[in-house]
Amino acid sequence: MPWTGRHVVLGVSGGIASYKSCLLARRLVERGARVDVVLTRAAAEFVRPLTFEALTGRPVLSSIWERDGALAHVRLAHAADLVIVAPATAHLIARVAQGLADDLLTSLLLAATAPVLIAPAMNDEMYANPITQSNLRALTSRGISSVGPEIGGLAEGPSERPGRMSEPETIAAHAARLLRRGGPLAGKRVVVTAGPTRESLDPVRVITNRSSGRMGYRLAEAAWERGGDVVLISGPTSLVAPVGVAVRRIETTADLARAVGEALPAADVLVMAAAPADYRPAEPSATKRSRGDGALTLALEPTEDVLASTLPLRKAGTFMVGFALETGDAAARGRGKLARKALDLIVVNDALEPGAGFEVDTNRVTLIARDGAEQVLPLMDKRAVADAILDAIEARLG
Ligand code: CTP
C-alpha cells in the first residue's frame, strides 16, 4: 500500500481551514503513514496541538525553542518522505518564497529534500493579489507542488473565486501521486471502463445489471495516484469522480464500444472493468409501453463484444486487461476468455462467493496473466484489489 511506513511531515499554518487538516492527518494515519505535525504559532491559535497529537499518536512540534524543537527542522527535513503544508496561508507562502527561516516550519521547508506539496487557503482577494500570485510562481519554479485552492464557501461567506482549501481527500490523492512519482505508470495513458451499461426498452424502462462501478473507479483512482494520465469511461453510477481523472459518461454498450474505440489509439493500458449489457431489446419502443396492453414478450439481440471489437484497433504494446465474473469453474473460464479476447491479464472472480463481485466494497479475485502466472488474492477491499491489479500490470509493462 502506498502509504504504509511512509513518513509525512504535515505543516499547518494559521488559517481557518486548519480544521480540515485534522481530517487529513487522520486519513494519512489510517492509510499507514507516520505523520509528524508541525504547527506555526498562528495555527496553534486555531487548532490545539493536543488534537493533532490524539489523531496521529505522535508529539506535535510548534517551536524551535521548546521540547524537541532544537534541530528538529533538520531531523524532520531529512527523515520525511514527503512534506505537506495544509493550509498554506498567504503569509506562509510569502515567507517561503523569500527563503525566510523564522520558525520551525519555514526552517524545515528550507532544509527539506523530500517533495513538498502545499494546499493554499486564503481570502479570495488575497489569493488574486499579484504579490501572492508571484510568490506562488516562485514556489512552483523551485519544484514545490500545489493543490487548489478551489472555488467555494470561505469563512466570510460564499465566493465565486478560488480561495477555499482543497478537501482532505483531494490533498491526500495529490500527495500519494507525488510520493509515487517516477513509477512505471508515470505519464502512461491508462483507459479504465467502469459500471454497467443500460439498454432502453422504451423511454422509461431499461435493461441493465448489478454492476456498481466501484472496482473500475478504485482502479482509475489508484492509477492516477501512480502517475497515470487516466481516462475513465463510465456507465451510469452514482459514484464521485476520482481526483485528477477525466470522466467520460456513456449509457449503452454501443456507446461504450465507440468511446473505447476512440480512446484506444492513445492508450498504453486498457482496463475493461465495465460490465456491458450483453443483450438489448431488438425493437425498443419510441413511446412508453402501457401495462394495460397485457403480457409482453421481449425479443433481445446480443450487443457487440467491446473487447473483441478492439482487436483490429489495438496498437502493439497496449497492455490489455479484462475481467471475468463467473459462476462456474471461474479460473478455467477466465483462461478461455484471456485467450479468446487476446488479453495480457484477466481478473477473475466468482459471482456467487460472499464478499466478491457486484454491489460490495470487497472482492476476492484471481489474476491470470498471458505469461501463465496465476495469483490468488485474499478477500480485500476494492482499493487494495485495484493496487494488486496495478502492481501486476506495472511488473509487466515494457
Ligand atoms: N466485455 C466486452 N463486451 C461485452 C461484454 C463483456 O468487452 N459485450 C468485456 C468485459 O468488460 C470484461 C470481459 O469482456 O472485461 C469479460 O466479460 P464477460 O461478461 O465475462 O464476457 P462475455 O464475453 O460476455 O462472456 P459470457 O459468454 O460469459 O457472457
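Taking strands (runs of 3 or more DSSP E) as the structural unit, those lying wholly within the stretch 291-395 and holding at least 3 residues that are under 24 Å from ARG180 (Cβ atoms) correspond to 319-326.
Close Cβ contacts (under 8 Å, 6 or more residues apart or on different chains) running from residues in the stretch 289-312 that are over 17 Å from VAL204 (Cα atoms) and touching a residue at least 12 places away in the same chain (Cβ under 8 Å) to residues that are aromatic (Phe, Trp, Tyr) and open to solvent by 70 Å² or more (accessible area, probe 1.4 Å) comprise LEU300/TYR279; GLU301/TYR279; PRO302/TYR279; THR303/TYR279. In the set THR303, THR310, which member is within 16 Å of the ligand (Cβ to nearest atom), over 30 Å from GLY228 (Cα atoms) and polar (S, T, N, Q)? It is THR303.
Residue by residue, here is whether (1) at pLDDT below 95; (2) aliphatic (A, V, I, L, M) holds:
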position: HIS7; (1), (2): no, no
position: SER21; (1), (2): no, no
position: LEU24; (1), (2): no, yes
position: GLU30; (1), (2): yes, no
position: ARG34; (1), (2): no, no
position: LEU39; (1), (2): no, yes
position: GLU45; (1), (2): yes, no
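If you take the residues in the stretch 317-330 that are over 15 Å from ARG370 (Cα atoms) and out of contact with any helix residue (DSSP H, G or I) (no Cβ under 7 Å at 6 or more places or on another chain), which one is least open to solvent (accessible area, probe 1.4 Å)? Among those residues, the one meeting the criterion is ALA330.
Of the set (1) buried (at least 22 other Cβ atoms within 10 Å of the Cβ); (2) at pLDDT 95 or above; (3) within 14 Å of the ligand (Cβ to nearest atom), all apply to THR208 but (1). Exactly one residue among LEU109, LEU82, LEU55 is open to solvent by less than 20 Å² (accessible area, probe 1.4 Å) and assigned by TED's automatic domain parsing to the domain that holds MET165, and that residue is LEU82.
Within the stretch 273-284, not a single residue is buried (at least 16 other Cβ atoms within 10 Å of the Cβ), away from the ligand (no atom under 14 Å from the Cβ), farther than 22 Å from ILE207 by Cβ and not polar (S, T, N, Q). Of the helices (runs of 4 or more DSSP H) contained entirely in the stretch 14-103, those carrying at least 3 residues that are basic (Lys, Arg) fall at 18-30. For beta carbons closer than 8 Å, sequence separation of 6+ or different chains, a first residue in the stretch 317-336 that is among the basic types (Lys, Arg) and more than 9 Å from the ligand (Cβ to nearest atom) and a second that is at pLDDT 95 or above and part of a strand (DSSP E or B), the qualifying pairs are ARG335/ILE346; ARG335/ILE368. Filtered by the rule that a residue be more than 18 Å from THR208 (Cβ to Cβ) and open to solvent by less than 20 Å² (accessible area, probe 1.4 Å), the stretch 229-244 gives VAL230, LEU232, PRO242. For the stretch 366-380, filtering for residues that are without any contact (Cβ under 8 Å) to a residue 24 or more places away in the chain and open to solvent by less than 80 Å² (accessible area, probe 1.4 Å) leaves 5. Regarding GLY213, is this residue surrounded by 14 or more Cβ atoms within 10 Å (Cβ to Cβ), without any contact (Cβ under 8 Å) to a residue 24 or more places away in the chain and small (Gly, Ala, Ser)? The answer is no for GLY213.
The values are calculated or read from the model by the stated rules, or taken from the named source; none is laboratory data. These figures come from a predicted structure and were not determined experimentally. Reconstructed Cβ throughout: ideal geometry from the backbone, glycine too, with neighbour counts over all protein chains shown. Heavy atoms of the whole protein, side chains included, go into the accessibility calculation; ligands, DNA and RNA do not. Shrake-Rupley method; radii C 1.70, N 1.55, O 1.52, S 1.80 Å.
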